[in-house]
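Below you'll find the structure, written out as structure tokens, and then a few comments.
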Amino acid sequence: MKSNRTIEHYVAPLEETPLAETDSAVSDDAPRSLWADAWASLRRNPLFLISAVLILLVLVVSFFPQLFTQVDPRSCELSRSLRGPGGESVLGYNFQGCDIYSRVIYGTQASVSVGIFATLGVVLFGGMMGALAGYYGGWVDSLIARLIDIVFALPLVLGALVVMQREEFQANRGVWTVVLVLVLFGWPQTARITRAAVIEAKSSDYVVAARALGVSRFGALVRHVIPNAVAPVIVIATVSLGIFIVAEATLSYLGIGLPSSIMSWGNDISAAQASIRTDPQVLIYPAIALSVTVLSFIMLGDAVRDALDPKARKR
């Protein structure tokens with residue numbers, strides 16, 4: 001027996017359902033670049049914020065030491081030798097009767113200058129060598145790769161130690177001499193990283209399209225490959241800056257880096273050996289300044305590496 005009931009179908013209007021909002025998409029927003037994504041990630045990273053503040057403070061102290069102390073760091077009196085904090089001195093006096101706080105402040109300039117200029121030299125020279133090797137390949141890559149292997153086999157501090165002992169370097173010891181030696185032995189790591197990044201970038205579609213449109217090989221390298229391969233170089237440069245500051249302090253501590261006439265943390269640590277057992281504060285304060293500065297650059301390098309690595313951001 002058939003039923004005479006009719007089934008009524010109700011269809012909701014499309015504008016009253018969330019389907020339209022779900023399927024809608026904003027098409028006028030341009031996609032963010034790698035650098036925009038990295039900056040957005042860095043702003044939310046406490047590690048980056050802390051390291052950036054510390055590095056900014058170190059740079060301000062380096063460029064404007066007179067804002068933090070009015071005491072002449074070269075004004076030394078033996079009558080104040082190893083005197084503790086008090087009066088005009090915040091941290092006391094060293095073995096020669098010089099104000100420790102003032103020397104730590106003014107010593108920032110030489111140590112940071114060596115780190116910055118050595119890093120710039122390593123990035124420019126090492127980056128150029130790595131880019132040429134990775135992009136052109138063939139005998140150019142083989143020649144540069146063997147040169148990288150030879151220099152990379154020599155440890156940075158050991159190679160600088162041997163070269164700085166030569167008479168021509170000892171006669172002209174200074175900031176630029178130390179920078180030159182550090183660049184001489186510090187560029188292979190940057191060259192290797194640049195070479196690998198260029199090899200990965202040169203096979204991209206945008207490079208092939210640029211070559212098809214008539215861009216020369218060198219033009220494609222400068223305009224397309226290097227800008228897209230610079231991210232890992234920035235990371236290694238940030239970490240290397242701290243390493244070069246430590247290298248300068250090590251050479252100065254051994255007596256073959258900066259001359260004693262130039263104030264640096266390494267020279268102050270070296271001079272503090274005479275009284276380290278009886279008055280350890282003479283060594284502790286420049287050592288703390290050195291450690292905090294190096295740690296800040298390492299922290300900054302880790303934060304930048306995570307921000308520029310999409311896989312790290314997903315994790």
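Of the residues Leu158, Met129, Leu221, the one whose Cα sits farthest towards the positive end of the charge dipole of the range 95-243 is Leu221 (charges of +1 on Lys and Arg Cβ, -1 on Asp and Glu Cβ, taken about the Cα centre). Summary of packing: across the peptides 135-141, 244-250, 290-296, the per-residue average of other C-beta atoms within 10 Å ranks them, highest first, as 244-250, 290-296, 135-141. Per residue, the chain exposes an accessible area of 58 Å² to a 1.4 Å probe, with every protein chain left in place. In a simple Cβ point-charge model (Lys, Arg +1; Asp, Glu -1; nothing else charged), the chain has a dipole of about 620 debye relative to its Cα centre.
State to the nearest 20 debye the size of the charge dipole of the range 85-177 about its Cα centre, where the only charges are +1 on K and R beta carbons and -1 on D and E beta carbons.
Details: 4 positive and 6 negative charges, 13 e Å.
Roughly 60 debye for the range 85-177.
Ligands, DNA and RNA excluded, the heavy atoms of Met128 present near 100 Å² of accessible surface to a 1.4 Å solvent probe.
Based on DSSP H segments of at least four residues, each scored -39500 (n - 2.57), the chain has a per-residue ellipticity at 222 nm of -21000 deg cm²/dmol. Remark: the range 180-315 carries a charge dipole of roughly 740 debye about the Cα centre, counting +1 on each Lys and Arg Cβ and -1 on each Asp and Glu Cβ. The fraction of accessible area contributed by carbon and sulfur in the range 32-118 is 65 percent, rounded to a whole number (1.4 Å probe; ligands and nucleic acids excluded).
A protection proxy built from the mean count of other Cβ atoms within 10 Å ranks the segments 265-276, 44-55, most packed first, as 265-276, 44-55.
In the range 202-278, what percent of the accessible surface is made up of carbon and sulfur (1.4 Å probe, ligands and nucleic acids excluded)? Show your work: numbers first, answer last.
Values: 2260 of 3610 Å².
Summing carbon and sulfur atoms, their accessible area is 62 percent of the total for the range 202-278.
The values are calculated or read from the model by the stated rules, or taken from the named source; none is laboratory data. Remember, it's a predicted structure, so these values are computed and weren't measured experimentally. Heads up, the Cβs are rebuilt from the backbone with ideal geometry, glycines too, and the neighbour counts pull from every protein chain shown. Note: accessible area is taken over every heavy atom of the protein model, side chains too, but ligands, DNA and RNA are not part of it. Shrake-Rupley method; radii C 1.70, N 1.55, O 1.52, S 1.80 Å.
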